[in-house]
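The values are calculated or read from the model by the stated rules, or taken from the named source; none is laboratory data. Note that the coordinates shown come from a computational prediction; the quantities given were computed from them, not determined experimentally. Counting neighbours? That spans all protein chains shown, and the Cβs are built from the backbone with ideal geometry, glycine included. Areas reflect the complete protein model, heavy atoms only, side chains present, ligands, DNA and RNA absent. Shrake-Rupley method; radii C 1.70, N 1.55, O 1.52, S 1.80 Å.
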Amino acid sequence: MRKIKELHFWIDSYESLDKQVEELQLAFDFVKEGLVTEDEVDAQYASVVEELERLELRNMLRREEDKLGVVLKINSGAGGTESQDWAQMLMRLYLRWAEKHGYKTSIVHLLEGDDAGIKSVTINIEGDYAYGYLKSENGVHRLVRVSPYNAQGKRMTSFASVFVTPLVDDTIEVVVHPAAVSWDTFRSGGAGGQNVNKVESGVRLRYQYKDPYTGEEEEILIENTETRDQPKNKENAMRQLRSILYDKELQHRMEEQAKVEAGKKKIEWGSQIRSYVFDDRRVKDHRTNHQTSDVGGVMDGDIDDFIKAYLMEFAADEAQAH
């Protein structure tokens, strides 16, 4: 059914665009006869271009994982309250972006800051192609502003890291070794509710992971306090674990691909990707050089132009190599 749905999307989209192009041609012919105004032709042309660009962007998302949902984790950098406030601003940005695109969001785990902001947050964003669009956000985000937490009114630079992994579903096979899994439970913090701080509904999953390619070992730690139902939290934690293991396999594939295409321009995971300079009213992506002066719009979730610039420049090469 998923494959049929995907095929229908492309067939219907092509037929719709083809029809719009025919109508545009007719409008162009009619304007010569005075039956249609030039403004109406311009409006029709703009509509066709917008639809074509939308389909071109969707065509960049060809990889198996692109159509999945996403686990998005934000960690504040060094700098105390200022960077924790920046992490919370980024959290709002992505929640607003998801809301505008009709995606379902849930905050899996939230660690609040000491005085303001947040230290870290893990958000599940569910919906078609959420990972494909948001994979462009993986990396370090830099904020430059006059800090409201600085008495001298100095410009401050803050950093926050955004980690993006595909939210795997039942169509993706991931091997989890039961012997490597262990559980702890703890009381969920938070305001209100009779069960809060009384029932150990929070779960902590520890997974002893051994890299099948390098033999290196590490402990994967996942905390989930999403619901007051411990079994449900365990189920959600296991889903996150499967997403992390799947992402590790993807990163291995990307590294192998990078070796083959060493001469091509590539994006390194975890590098500083974007700067948000509030005083100069400028947000700039360092990979594509796309920038905007609409800082308020960006912080309100309007990042589609940045996503599009990234996908149009890099996703085509990725898909072709894949």
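Some points to look at:
- Residue order for Arg204, Arg239, Arg274, Arg155 - accessible surface, 1.4 angstrom probe, largest first: Arg155, Arg239, Arg204, Arg274
- Scalar couplings 3J(HN,Hα) for region 303-315, obtained by applying the Karplus form with A = 6.51, B = -1.76, C = 1.60 to θ = phi - 60°, are 10, 4, 5, 5, 4, 5, 4, 5, 5, 5, 8, 10, 5 Hz; x denotes Gly and Pro.
- Accessible area expressed per residue, the chain, with surrounding protein chains retained (probe 1.4 Å, Å²): 55
- Contact order normalised by residue count of region 22-93, Cα under 8 Å, 6+ apart, percent: 16
- Degrees between helix 2-32 axis and first principal axis of the chain (Cα, 0 to 90, nearest 10): 30
- Surface share of carbon and sulfur [accessible, 1.4 angstrom probe, percent] for the chain: 49
- Using a probe of 1.4 Å, the accessible surface attributed to Thr165 totals some 20 Å² when neighbouring protein chains are kept in position.
- Ratio of Rg to Rh over region 11-95 (Cα coordinates, Kirkwood Rh, two decimals): 1.30
- The angle between the Cα long axis of helix 38-59 and the main principal axis of the chain comes to about 40°, on a 0 to 90 degree scale.
- Ala43/Glu15 FRET efficiency (R0 30 Å; Cβ-Cβ; nearest 0.05): 0.90
- Between helix 81-100 and the chain: long-axis angle, C-alpha atoms, 0 to 90°, nearest 10: 50
- Accessible surface ranking for Lys5, Lys248, Lys232, Lys135, 1.4 angstrom probe, highest first: Lys5, Lys232, Lys248, Lys135.
- Contact order relative to length of the chain, as percent, for alpha carbon pairs under 8 angstrom and 6 or more apart: 18
- Counting heavy atoms of the protein chains alone, Val199 has an accessible area of about 70 Å² for a 1.4 Å probe.
- Rotationally averaged projected area of the chain (alpha carbon convex hull; nm²): 22.0
- Space enclosed by the convex hull of the alpha-carbon atoms of region 15-158, per residue, Å³: 152
- Spacing of the two label points (7 Å from each Cα toward its C-beta) at Glu99 and Val175, in nm: 4.4
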